[in-house]
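J.: After the structure tokens below, expect a handful of questions from me.
Just so it is clear, none of the values below were taken in a lab; they were calculated from the coordinates. What you are looking at is a predicted structure, and each value in this text was computed from that prediction instead of being measured. Glycine gets a Cβ as well: all are built from the backbone with ideal geometry, and neighbour counts include every protein chain shown.
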Amino acid sequence: MRLSGLILVLMSCFPSFAGIVILNGLSHTHENAGGVVVSGKIKVQNNGKKEARIMIYHEDLMVSCDKPIDYAKVNSHDRSLGTWIKTNIDEKVLEGNEIYDIAYTITLPKDLKGSYWSVIMIEGADPIKEDVENGVKIDSKVRYAILVVAHAGTLENPKIGFEQMKIVPKDSVSQTLHVKLKNNGIFVAPAKLSIEIYDAGGKKIKTAETILRRIYPEKCTEFELVVKDLAKGKYEGVLIADNGKDLYGANINLDIN
């Protein structure tokens, strides 16, 4: 018996699998996209010696404040690029070591404002590895999810809100803060989260911060901050969300036992 599985590569940079690789990143952003045709390209390479066939199709990236990220058919949410984004091909056979530019165009209506997004899936037709488990042969294929974001209208930095905060002990010397930030605007907001920790005397003794992440309009993104090497006692923390222009703060109490 033979089963097929997919190895999904999410929005990171320059992944490397034997066979098909993406050379120019897994996220593309376009500004001033309303009322004009904008174009982009996804540079894909077959770094193997044998020819490889790829399939190209579109899906929606589904984001919310209470569910994990998922994928669905196009036009599954009201900010989908949906039928406004087109690619020049649906499939392609790449020769060994061939590099090919998959071209796409976006045509947003002029009267739209805010951020719109979808993902272009690039899936290898041939398995990158084969495993046998309990007599069942499993083929693993690679699938890349390339995020495409288009901003219509004048870009605005949206207000960031603190939706949820939770402290989880990680081990005997550290705590992990799980913080959900919500984007209350209509544009995708790149943001990072930091914390300043003060002792009982009001002295700042530690800081920590996350990497920059996207928060989608009216959606949430969860950030994790690891706080470690604090002696037992009570502390006050100030959480700071930074969207590149404005800062939003919230207070939190830490009790290290």
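J.: Which order results if His30, His58 are arranged by neighbouring Cβ count within 10 Å, fewest first?
T.: His30, His58
J.: Now, a different point. May I ask you to evaluate 6.51 cos²θ - 1.76 cosθ + 1.60, the Karplus curve with θ = phi - 60°, for each residue of region 208-220 and list the ³J(HN,Hα) values in order in whole Hz, giving x for glycine and proline?
T.: 8, 8, 9, 7, 6, 9, 7, 10, 8, x, 6, 10, 10
J.: Residue farthest toward the positive end of the dipole of the chain, with Cβ of Lys/Arg at +1 and Asp/Glu at -1: which of Pro169, Gly114, His28?
T.: In the chain, that residue is Pro169.
J.: Among Ile42, Ser76, Ile205, which residue has its Cα positioned farthest towards the positive end of the charge dipole of the chain, with +1 placed on the Cβ of Lys and Arg, -1 on the Cβ of Asp and Glu, and the dipole taken about the Cα centre?
T.: Farthest along the dipole direction, towards plus: Ile205.
J.: I would also like to ask the following. State, to one decimal in nm, how far the label point of Lys110 lies from the label point of Tyr198, with both points 7 Å from Cα in the Cβ direction.
T.: It is 5.3 nm.
J.: How would you rank 176-182, 230-236, highest first, on the average number of other Cβ atoms within 10 Å across their residues? Could the numbers behind the result be given before it?
T.: Working: 176-182: 19.9, 230-236: 12.1.
With the highest mean Cβ count within 10 Å placed first, the list reads 176-182, 230-236.
J.: Could you tell me the largest-minus-smallest coordinate of the C-alpha atoms of region 132-257 on each of the three principal axes, in descending order and whole angstroms?
T.: On the principal axes, region 132-257 reaches 60, 54, 18 Å in Cα extent.
J.: Tell me, what HN-Hα J-couplings in whole Hz come from the Karplus equation 6.51 cos²θ - 1.76 cosθ + 1.60 at θ = phi - 60° for each residue of region 143-155, using x for Gly and Pro?
T.: Along region 143-155, the couplings run 9, 9, 9, 9, 7, 10, 10, 10, 9, 10, x, 5, 5 Hz.
J.: Report Rg/Rh for region 173-242, rounded to two decimals, where Rg is the Cα radius of gyration and Rh the Kirkwood radius.
T.: In region 173-242, Rg relative to Rh is 1.05.
J.: Quick one: check the C-alpha center-to-center distance for region 155-188 versus region 20-79, whole angstrom.
T.: Region 155-188 and region 20-79 have Cα centres separated by 26 Å.
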